[in-house]
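Below is one structure; the comments refer to it alone.
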Amino acid sequence: MMAVDVGGTFTDVVSVENGEIRTAKVSTVVEQVDRGVVEGAQELNVSSATVFNHASTHGLNAIITRSLPKVGFLTTLGHRDILDMGRCWRPATSLSDPTWRRPFGDTMRPLVERYLRRGILERVTASGEIFTELDEDQARREIRVLGKCEVVGVAICLINAYTNDIHEKRIRELVREELGEVSCSISSEVSPLAKEYARASTTLIDVFMKIIYQEYTQRLDASLRESGFTGDLNFADCTANLIPASDAMDRPFGVVFSGPAAGTVGCAHFGSMIEEGNLLCADVGGTSCDISLVTQGEPFVNTTFELEHDLIVNALSNDISSIGAGGGSIVAISKTGDVTVGPESAGASPGPACYGRGGNQPTMTDVCVLAGLIDPEGFAGGKMPLNSSLSTKAFEELDTPLSFSQRIKYAYDIGLNNISEGIFNIAIKHGIDPRDYSLVAYGAAGPLMLPAIADLIRVRKVIVPPHPGLFSALGLLSADQAYTLSRSSYKLLGSDSAESIASLYQEMETQLLDRLGSEHEFELIRSFDGQLLGQTWDTPFVEVARGDIDSAAIEKMIEGFHEAYERHHGNKFEEIPVQGVTYRVRAVVPTQKVSYPELPGREGQKLKSMGTTIIKYIADEEQIAQVYDRINLRMGDVIQGPAIIREPLSTTHITQNQAGKVGKFGEINIESQS
């Protein structure tokens, strides 16, 4: 088995063959992302792999940076500005800021310029009846305008199309007739759900992902086949469940946030092996820190997610918060003379100053090099030596009266505080007590930085899993295949709605059965999102039992809703009728998963360090730390801090007053000794 996680800075590749885990890390080739993927795959002998699982932030980065193709947007006449208005929600930090603007609004950085958003004369009612017939001549004129503007894709989202798709399908035919084979997505197929704006933004993202990923997928598949790969190519969705590449490209909006989700699934899988069900997961890479939650062995899943504030995608996704704090976070001096760290990142190019690629701004990586935490000669397994003198020069050139040691210490403290604040905010958001959770530190910089904040956020312990630098890629080998369909229909739950709800589930299940065929073993899981009558928000993922949907089943759905509502909100209102909104079926196909070899216990000689290093600047005084090679650790070994544990693609820092104990599968459990 082989998997790849394409990040903004590095591309991580892992291979599992005969129980042996092999890894490779190569720089992401931003101009042609598949080149880096193939390079790493060839290094690990992709010709012997039976499956190749893929996750990437490539599409996500294109949206964030607005490196997007020109596309058009067609909607019902009078509604073309829904992409500018969004939901009219402001972030909590800007409620009273008169200068705040929506990041994708027309006055900022719109995804589609207003002249490319065209209105079509038609109207369907909320019940699915045609109120105004489609004016095909007018639609053709608007489509020709898009053709003259040389768009390469078209998103179509008509009002209430989720109840009747006839007009959307006809407009797609007109687009084909007028513009040829441009990429085209219609909302009734991409996201047949209520609430127009979320449906529109999801359809638009789908068109972008088609243009970005479809040619990329063809190139990647061809290059892998040329390298001798004969297995199955899968893409991860936003819950890190796997989908065959051809199916993923039918609705590629579902893969836009796949990279960060893989680490959460990897944590849940590894947690089940070490009997740790409550986990705070923190992936600290070169550009960002992605934070997520696993409770009782299950990742927290949302029905939608935001790519930017209020930029909604209707896809199931692991609930992940990203903050601009990583190894590449830039250290700078603000206008008021304060030391700041991030959210800007040096990325892979030019990278931190110590990379020697032309970057002249100091970063958290430079901090760790100067502090003695990173071995400049052993970085990236020795493939990429670092130049500490360039780190020194970058800090010396900061415009501040602070001493050299203060610059480094303040940058280190602020960088760690940014991460701890992000983790604590996640805990508050979900109403959990961090003392009941363990913090999983992964990503190349996670084990280096996160143990130092354990006392700040009061977690039970910090767990450094095997291969932390590529743990998200390993998460792709910890996931099942899954297919999900959903439909929206506002129905008051009662005996008279049983037949129509049963019809919805039957239609979705038939589609899934047709897709999967008889050669797969799978489990069908039903759920629905509901609300108390009169509410405008939903309570998601209420379980629906298998079997016939009759009056008794509807009663159980109502009972299940009230129980779920009480768990979410702490109150129960059984006297208020329940309205179903979205009905969902998920088909889960079990797959072979990565297993971590057990580490033998130590026999004979005690663990010896491979030397010492001096940790400078980040503490009140210099510390002499023992240095260990992780490959020499055995189950049951105890390492007292301060200590450094080195491995090819990551470094673990056990601080003073901490101790690390090696677990059954080689994980390092770090706990405070004070």
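The values are calculated or read from the model by the stated rules, or taken from the named source; none is laboratory data. Computed from a prediction, not measured in an experiment: that's the story for all the values here. Methodologically, a virtual Cβ is constructed for each residue, glycine included, from the backbone with ideal geometry; neighbour enumeration extends over all protein chains shown. With ligands, DNA and RNA removed, areas are computed over all heavy atoms of the protein, side chains included. Shrake-Rupley method; radii C 1.70, N 1.55, O 1.52, S 1.80 Å.
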Residue count for segment 313-345, restricted to those that are over 30 Å from A198 (Cα atoms) and outside any strand (DSSP E or B): 8
Test: residue in segment 516-533 that is more than 28 Å from the chain's Cα centre (by Cα) and of a type in the set (D, E, K, R): yes
Neighbours by Cβ (under 7 Å, 6+ apart or cross-chain): first from segment 2-14, more than 16 Å from A479 (Cβ to Cβ); second open to solvent by 10 Å² or more (accessible area, probe 1.4 Å) and basic (K, R): F10/K25
Some residue of segment 598-605 being touching a Phe, Trp or Tyr at 6+ places or on another chain (Cβ under 8 Å), touching a residue at least 12 places away in the same chain (Cβ under 8 Å) and either acidic (D, E) or surrounded by fewer than 21 Cβ atoms within 10 Å (Cβ to Cβ) (or both): yes
Output for segment 216-250, where each listed residue is of a type in the set (A, V, I, L, M, F, W, C), free of Cβ contacts under 8 Å to residues at least 60 places away in the same chain and crowded, with 18+ Cβ neighbours inside 10 Å: A248, M249
Count of residues meeting criterion [of a type outside the set (S, T, Y) and open to solvent by less than 40 Å² (accessible area, probe 1.4 Å)] in segment 474-524: 22
Residue list for segment 536-567, restricted to those being within 17 Å of Q579 (Cβ to Cβ), outside any helix (DSSP H, G or I) and of a type outside the set (D, E, K, R): T536, W537, T539, P540, F541, V542, V544, I549
Qualifying residue in segment 38-46 (condition: touching a residue at least 24 places away in the same chain (Cβ under 8 Å), touching a Phe, Trp or Tyr at 6+ places or on another chain (Cβ under 6 Å) and closer than 13 Å to D221 by Cα): yes
Among (1) crowded, with 19+ Cβ neighbours inside 10 Å; (2) within 20 Å of F253 (Cβ to Cβ); (3) hydrophobic (A, V, I, L, M, F, W, C), the one test that A139 misses: (2)
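Kindly state which strands (runs of 3 or more DSSP E) lie completely within segment 429-505 and contain at least 2 residues that are basic (K, R). Let's see the steps before the verdict.
Working: elements: 438-442, 462-464, 481-492.
Ranges flagged: 481-492.
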Residue that is nearest to the chain's Cα centre (by Cα), among those in segment 1-26 that are polar (S, T, N, Q) and not in a strand (DSSP E or B): T9
Looking only at segment 647-662, and only at residues there that are surrounded by fewer than 18 Cβ atoms within 10 Å (Cβ to Cβ) and at pLDDT 95 or above, the one that is nearest to A371 (Cα to Cα): A659
Check on I631, in contact with a strand residue (DSSP E or B) (Cβ under 9 Å, 6 or more places away or on another chain) and crowded, with 18+ Cβ neighbours inside 10 Å: no
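Just give me the residues in segment 88-139 being among the aliphatic types (A, V, I, L, M) and either closer than 20 Å to S67 by Cβ or part of a strand (DSSP E or B) (or both), in sequence order. I'd like the intermediate steps shown before the answer.
Residues of segment 88-139 that are among the aliphatic types (A, V, I, L, M), as a first pass: 92, 95, 108, 111-112, 116, 120-121, 124, 126, 130, 134, 139.
Answer for segment 88-139, where residues must be among the aliphatic types (A, V, I, L, M) and either closer than 20 Å to S67 by Cβ or part of a strand (DSSP E or B) (or both): M108, L111, V112, L116, I120, V124, I130.
With Y162, Y213 as the choices, which residue is open to solvent by 10 Å² or more (accessible area, probe 1.4 Å) and either within 30 Å of N61 (Cα to Cα) or at pLDDT below 95 (or both)?
Values: Y213 fails: open to solvent by 10 Å² or more (accessible area, probe 1.4 Å).
Y162 is the lone residue from the list that is open to solvent by 10 Å² or more (accessible area, probe 1.4 Å) and either within 30 Å of N61 (Cα to Cα) or at pLDDT below 95 (or both).
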Inter-residue pairs, beta-carbon under 7 Å, first in contact (Cβ under 8 Å) with a residue 12 or more places away in the chain and in segment 452-469, second of a type in the set (F, W, Y) and crowded, with 22+ Cβ neighbours inside 10 Å, 6+ apart: V459/Y437; R460/Y437; P465/F270; P465/Y442; P465/F471; P468/Y442
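What number of residues within segment 572-591 are over 18 Å from E543 (Cα atoms) and among the β-branched types (V, I, T)?
Filtering segment 572-591 down to residues over 18 Å from E543 (Cα atoms) leaves 573, 575-576, 589-591.
The next check asks that each one be among the β-branched types (V, I, T); those that pass are 576, 589, 591.
Result for segment 572-591: 3.
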